[in-house]
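Down below is the structure, laid out as structure tokens.
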Amino acid sequence: MNVFSLVRAKHNLLFKLALIGFVSFLLSLMLPYREVKGHKVDAFNAVWPYADLVTDQDFFIRKSELELKTEKEKLIKDAPLFFEVSTLERDRLLREINLLELSQPNDFKVLKPLFDSIYKRGVIESMDEELIRNKQIFESNGFYAESVTYYDFFTITSAVDYIERELQGRLLTVNYLDYLALTHRFSKSKTELYLNSKLEQVSIYRNVIKAGHVLVKQGQALTNNTRQLINKYYYFQNQNLSFSWLKFFAKWGMTFVLSLVLLVFLAFFRKQIFGQNKQVAFLFFLLLVAVTTTYLFHRWGFMVLALPFTLVPILVRVFFDGRTALFTHLMIVLHCSFFMPDKLEFILLQLIPGIGTLFAVAEMRKRQQILNAAALVFFFYVFIFVCYELSFGTPLVVTKFSAYVPFSISSMLVLLAYPLIYLTEKFFGFISDFRLLELCDLNQPLLRKLSKEVPGTFQHSLQVANLAEEAIFYIGGNSLLVRAGAMYHDIGKLKNPYYFTENQADGFSPHQEIEPVESARIIIEHVIVGIELAKKYKLPESIIDFIRTHHGTTSVRYFLNLFEKQGHDSVAAEARFRYPGPIPFSKETAVLMIADGVEAASRSLKSYDALTINDLVDNIIDYKITHQQFINSDITFKDITTIKKIFKKRLMNIYHVRIEYPD
């Protein structure tokens, strides 16, 4: 066998393996790259419930933008002012005063001591009062600068006041202002240079946490500062993730094996689901959505426990069965536990409520069941959480109201099951009990049409539904599905209704006027017409399956025998009298086939007693078995024996037959 033949023969299996390979690849990308020691915290977290959080590497606490802005503004506000010392002008003017000793000795005697005193203190450039308040002043002389006090200097104004006060109105022959100059000028360049150097030195980090430092201890009450430290640490870890091919392939292998376990479970114990690629894809889609949501909540520091994990068993149970729901839920919980610091607690918290929901939605026929499931989930969450924390965890966290907020949110989100069931039906084409209940409503357009136009067939469908539903209840199966299928299985009789016995009220049969071959064609055609009508009215495929299979590949025996009596070769023409099939492939479709045959045949009995009904049921079922109509359905001889008993009892009740007891 070449490669192409192998792929053609095993394409379904290869698709499923490719599916879990792709899904596990995506999951491995999302799983944490290191051991999870805790989660980001917020105001809801009053106590640290996990083990002591010890840093495994150095990390820096970065300042916020507001902190950096405030610090820089303070530096600008408190930055010192630099004044450049200039003595050239002062020395020149002092020399000019010394020359007055010869030309103006009186002025010299007055001005010399005054200006010696002024220049000894220095004359500084006048600055705005608001600018120099609480500011440090430096005088710069070349490459050196030392701190000085602004008010130890004269300004031009104060120097003039000083001179006029000392002169006491004495007149001079020279203008003393000509000898007054600044010795300290404001240096904008040096002031800005110093300020810029300080601004550049502002660190963007508040402090450094060394490796091995205990950030928070188990059971410690959390303050805002502690919460900030914890969140900064996790942020730093996420920012410094290093990719490792070894870790990646190890995670891929682990997720692949976990996904493969789910696939093997379906292959061994749920062959019907395993054979449907759409159904398998739906289960792995749930797995991917659950892990992706958990990853995002973990990544962004949201409350992972607030996620409604218990929605998974509800959704799976609605469309499949309890064991598949439980196994799928277990696989999802195991995958998501890698994001949790206390994996055992998480598994217990999700697995036990998940099992509880299966009891609440064992048969999803009432809206209240979802509400009951939500209440049950909350009870189990609280019970398991309290018991675990008191036994193995942090008892103090039990007393904090905020610890129960995630459980409340998760429980309320269980109510999302209503819209999610509807969306799943639309996108995947599945059918839920809610949808089946809607289809069984006699006000459905197609059923109303059937009851008005062909009441005989409608009554026949009701009787078949009652028989099939009771039988499937006892042998195990979806009673709602078989009832809905029975209600619609004969809708094809809306075309040419009077060619069917149950609609011939006056005893006249149109078949008396046509050939057996044509009669057989009309009878067989009701299956094809029924499928077309069902698709027109957008009935689910699982209901259309009942229309396809309720006659299987049996033949229209009455007209075949009539054809033979007319002298024709019935063997050669048998195909023209045979229904197209397929044969039933489930308990539900097999039971409907039996119920339809038994109910229809019972109408032609000439007398109704225990013996005739007993023979009728046995003959109908034995004929189906002889013609291998049940070889594709998972129905057993024990089931068939049970069905015979139920149908015989029901028909006796319908036709008011008394059981004759021996004398």
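Each residue of region 199-214 is assigned a 3J(HN,Hα), and the resulting list reads 5, 5, 7, 5, 7, 7, 10, 7, 7, 10, 9, 7, 4, x, 7, 7 Hz, derived from the Karplus form 6.51 cos²θ - 1.76 cosθ + 1.60 (θ = phi - 60°), x at Gly and Pro.
Taking N as the residue count of region 321-377, its C-alpha radius of gyration divided by 2.2 N^0.38 Å amounts to 1.22. Site pair Asn12 and Val517 shows an inter-label distance of 3.8 nm when each label is modelled 7 Å from Cα along Cα→Cβ. Against the main long axis of the alpha-carbon atoms of the chain, helix 277-300 sits at an angle near 20°. Note on Lys538/Asp615: beta-carbon distance plugged into 1/(1 + (r/R0)^6) with R0 of 35 Å gives a FRET efficiency of 0.25.
Only the Cβ atoms of Lys and Arg (+1) and of Asp and Glu (-1) were treated as charged; on that basis the dipole of the chain about its Cα centre amounts to roughly 1120 debye. From most to least packed by mean Cβ count within 10 Å, the peptides 400-408, 473-481 give 473-481, 400-408. Packing, as the average of other Cβ atoms within 10 Å across residues, places the peptides 86-95, 301-310 in the order 301-310, 86-95, highest first.
Quote the Stokes-Einstein diffusion coefficient, in whole µm² s⁻¹, for region 388-497, based on the Kirkwood radius over alpha carbon pairs, a temperature of 10 °C and a viscosity of 1.306 mPa s.
D = 89 µm²/s.
Note that the chain carries a Kirkwood radius of 33.9 Å, evaluated over its alpha carbons pair by pair. If you plug the beta carbon distance of Asp441 and Met412 into 1/(1 + (r/R0)^6) with R0 = 30 Å, you get a FRET efficiency near 0.50. Its Cα centre serving as origin, region 434-654 has a Cβ charge dipole (Lys and Arg +1, Asp and Glu -1) of approximately 380 debye. Of the residues Lys449, Lys251, the one with the fewest other Cβ atoms within 10 Å heads the list, and the complete ranking is Lys449, Lys251.
Relative to the longest principal axis of the Cα atoms of the chain, helix 637-654 runs at roughly 70 degrees. If a spin label sat at a point 7 angstrom from the Cα of Val264 along the line to its beta carbon, the backbone N atoms of region 317-354 nearer than 19 Å would be those of 324-335.
The dipole here belongs to region 134-221: it is taken about the Cα centre, uses +1 on the Cβ of Lys and Arg and -1 on the Cβ of Asp and Glu, and is about 740 debye. The gain in end-to-end length when the Phe379 to Asn277 segment is fully stretched comes to 33.1 nm, 0.36 nm per residue minus the alpha carbon separation. Other residues with beta-carbon under 14 Å from the beta-carbon of Val291 carry, at +1 per Lys or Arg and -1 per Asp or Glu, a net charge of +2. Assuming a viscosity of 1.306 mPa s and a temperature of 10 °C, what translational diffusion coefficient in µm² per second does Stokes-Einstein assign to region 434-654, Rh being the Kirkwood radius over Cα pairs? Rounded to a whole number, D works out at 90 µm²/s. Estimated translational diffusion coefficient (Stokes-Einstein, Kirkwood radius over Cα pairs, 37 °C, 0.692 mPa s) of region 459-564: 220 µm² per second. A convex hull fitted around the alpha carbon atoms of region 73-200 yields 103 Å³ per residue. Considering region 516-567 at the alpha-carbon level, its Rg and Dmax are found to be 13.7, 44 Å. Fewest-first ordering of Asp596, Asp634 by other beta carbons within 10 Å of each residue's beta carbon gives Asp634, Asp596. Protection proxy ranking for 64-77, 340-353, 513-526, using the average of other Cβ atoms within 10 Å per residue and placing the highest first: 340-353, 513-526, 64-77. Taking a sphere under 15 Å around the Cβ of Val202 and counting the other residues whose Cβ falls inside, with K and R at +1 and D and E at -1, yields a net charge of +2. Both radii are taken from the alpha-carbon atoms of region 242-428; with Rh as the Kirkwood radius, Rg/Rh is 0.98.
Taking the helices alone, the chain has a mean residue ellipticity at 222 nm of -19500 deg cm²/dmol, built from -39,500 (n - 2.57) per DSSP H run of at least 4 residues and averaged over all its residues. Stretching the chain fully between Asn196 and Ser103 yields a gain of 28.3 nm (0.36 nm per residue, less the alpha carbon separation). Extension gain, Tyr235-Tyr388: 0.36 nm per intervening residue step, less the Cα-Cα distance, totals 52.2 nm. The H on the amide N of Ser140, modeled in the peptide plane, is under 5 Å from the matching H of Phe83, Glu84, Val85, each at least 5 residues off or on a different chain.
Short-range pairs are left out: with C-alpha atoms under 8 Å and at least six residues apart, the relative contact order of the chain is 12 percent.
Here's the list of aspartates and glutamates a cross-link from Lys120 could span, going by alpha-carbon distance under 15 Å and ignoring same-chain residues fewer than 8 apart: Glu89, Asp91, Glu139, Asp152. Where the centroid of each part is defined by its Cα atoms, how far is region 301-329 from region 368-445 in Å? Cα centroid to Cα centroid, the span is 9 Å.
Of the cross-linked pairs Lys426/Lys538; Lys426/Lys452; Lys426/Lys536; Lys271/Lys536; Lys72/Lys135, those separated by over 19 Å at the C-alpha level are Lys426/Lys452; Lys271/Lys536. Helix 455-475 and the longest principal axis of the C-alpha atoms of the chain enclose an angle of approximately 70°.
We did not get these values from a lab; they are worked out from the coordinates using the rules stated. Everything numeric here is computed off the predicted structure, so don't read it as measured data. Heads up, the Cβs are rebuilt from the backbone with ideal geometry, glycines too, and the neighbour counts pull from every protein chain shown.
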